[in-house]
Amino acid sequence: MKDRITFLLNRIGERLWVKPLLMCVMSIAAVFVAKMADETRLGARVPEITVDLLETLLTIMSSSMLVIATFAVASMVSSYASASSTATPRSFPLVIADDVSQNALSTFIGAFIFSIVAIIVLKSGYFDKASRFALFVLTLIVFATVILTFVRWVDRIARLGRLGATIDKVEAAAAKALLKRKRAPTMGCASMDSERADGEAVFGESIGYLQRIDVAGLQKIGEESGVRIRVAALPGTFVVPDRPLACLLADGADSTPVDRARLRKAFVVGDERTFDEDPRFGLIVLSEIASRALSPAVNDPGTAIDVIGTIVRLFEIWCRPLEADDMPAVEFDRVIVQAVSIDDMFDDAFTAIARDGAGAVEVAGRLQKALRTLAAMGDAATRRAAKRHARQALARAESALELAEDVAIVRALADFADSGDGAREESSSRSQSAGVSADVQ
């Protein structure tokens with residue numbers, strides 16, 4: 001339930017109209033709450049606030065807030081366009097979900113609605129002495145909130161949409177997804193390594209990217225029907241009607257038919273990939289940013305080097321030992337899920353960068369240093385994947401670099417890839433990773 005609510009809140013956060021609408025409702029309610037002061041003895045203790053004074057303040061607020069709200073929308077749209085063009089369109093949901101910008105726009109629109117409604121109610125003679133004083137206090141609070149919000153928002157909008165800020169947002173989203181999956185490699189389900197891989201396939205009816213799997217719902221179905229459910233598509237997979245979502249494994253003679261429609265509802269399919277439960281998507285987006293920076297039109301190897309460093313930090317999270325309290329436990333024993341392959345994650349992160357940066361010695365060299373670092377910090381599977389990509393990157397650099405000295409530099413940095421690991425180990429690693437996650441594109 002917690003994961004479902006978080007997923008829904010993240011999707012709502014990507015809608016720009018939700019917070020402004022809530023702020024408008026709160027602003028209208030605040031005006032009428034001020035009327036409640038007339039039912040107290042506050043009127044005998046507070047100074048007289050004239051209608052003219054309140055009208056002047058509210059008029060100033062209404063005229064200025066409309067201008068500021070229009071300016072805010074224009075600035076945010078410009079930042080969103082910049083993020084999509086300079087980084088990658090896949091980063092757009094993260095940029096538009098920026099809390100500071102959404103809160104600022106909501107505050108400006110809410111203050112405008114508050115002032116308009118307050119002027120209308122005030123001119124109608126609805127307020128007495130106590131409620132006029134309460135409305136005056138509320139107006140001052142709104143003024144202070146608008147000023148503080150504007151100052152904070154100006155600092156944020158100057159960075160929003162810039163390439164560095166976008167990379168930071170993608171890194172934060174990817175790190176969160178990686179840490180979540182590391183703590184639950186099989187999403188709290190039984191591991192596929194110890195289960196047979198056959199079963200009766202259940203196909204989906206939608207075409208799109210698998211965004212979320214309700215494993216708790218699958219567990220309930222498995223308990224009611226006496227079956228085990230092997231998940232055949234991880235979040236991030238592009239699903240089509242002829243691709244199985246899951247396979248049903250009978251658990252004895254007492255098994256009953258499974259409601260296929262109910263089972264399909266546990267697999268949330270959408271038009272786009274999301275970062276929430278797809279740890280590989282963040283690596284792909286970072287790789288796209290680096291590839292765009294290495295294109296001839298941009299020619300910015302510095303950004304690619306920055307992205308490589310970012311990816312190393314993310315893999316460090318994946319390789320970091322877990323605390324005793326974070327060790328994975330099987331919560332849904334009737335659902336079988338395959339863990340994410342480290343080889344697939346390395347392919348997502350480094351293949352495009354190695355291809356597009358092969359002709360730049362600074363990028364090829366930095367990539368070899370990054371892979372050397374990962375080979376030293378990870379387990380055997382991570383070490384094999386790092387050395388495999390180091391050999392591939394070296395082959396690409398040898399083909400693309402024209403100067404013999406540059407080739408020698410990259411070769412020297414890639415010497416670790418030949419120590420103790422050969423083609424046999426690489427082939428073994430790839431065969432072990434050939435599972436349901438290998439076809440996630």
Quick one: what pairs do we get from the stretch 262-283, first residue in contact (Cβ under 8 Å) with a residue 40 or more places away in the chain and under 12 Å from Thr237 (Cα atoms), second small (Gly, Ala, Ser) and open to solvent by 40 Å² or more (accessible area, probe 1.4 Å), C-beta under 7 Å, 6+ apart or different chains? Val269/Ser206
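Residue-wise test of (1) within 20 Å of Ile113 (Cβ to Cβ); (2) of a type outside the set (A, V, I, L, M); (3) in contact (Cβ under 8 Å) with a residue 60 or more places away in the chain.
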position: Met61; (1), (2), (3): yes, no, yes
position: Leu66; (1), (2), (3): yes, no, no
position: Ala69; (1), (2), (3): yes, no, no
position: Ser75; (1), (2), (3): no, yes, yes
Might you check whether a residue that is over 23 Å from Leu160 (Cα atoms), open to solvent by 60 Å² or more (accessible area, probe 1.4 Å) and not hydrophobic (A, V, I, L, M, F, W, C) occurs anywhere in the stretch 129-138? yes
Exactly one condition in (1) assigned to a helix (DSSP H, G or I); (2) without any contact (Cβ under 8 Å) to a residue 60 or more places away in the chain; (3) more than 17 Å from Phe416 (Cα to Cα) is not met by Pro321; state its number. (1)
Condition test on Pro328, is it without any contact (Cβ under 8 Å) to a residue 60 or more places away in the chain and either on the phi > 0 side of the Ramachandran plot or surrounded by fewer than 23 Cβ atoms within 10 Å (Cβ to Cβ) (or both)? no
Return the residue satisfying two criteria in turn: it lies in the stretch 284-312 and is among the small types (Gly, Ala, Ser) and touching a helix residue (DSSP H, G or I) at 6+ places or on another chain (Cβ under 6 Å), and of such residues it is farthest from Phe350 (Cα to Cα). Ala293
Residues of the stretch 122-143 being of a type outside the set (Val, Ile, Thr) and closer than 14 Å to Gly110 by Cβ, which ones? Leu138, Phe143
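The values are calculated or read from the model by the stated rules, or taken from the named source; none is laboratory data. Since we're looking at a predicted model, the values are computed, not measured. Don't worry about glycine lacking a Cβ; one is built from the backbone with ideal geometry, like all the others, and counts go over all protein chains shown. These area figures cover heavy atoms from the full protein model, side chains too; ligands, DNA and RNA do not enter into them. Shrake-Rupley method; radii C 1.70, N 1.55, O 1.52, S 1.80 Å.
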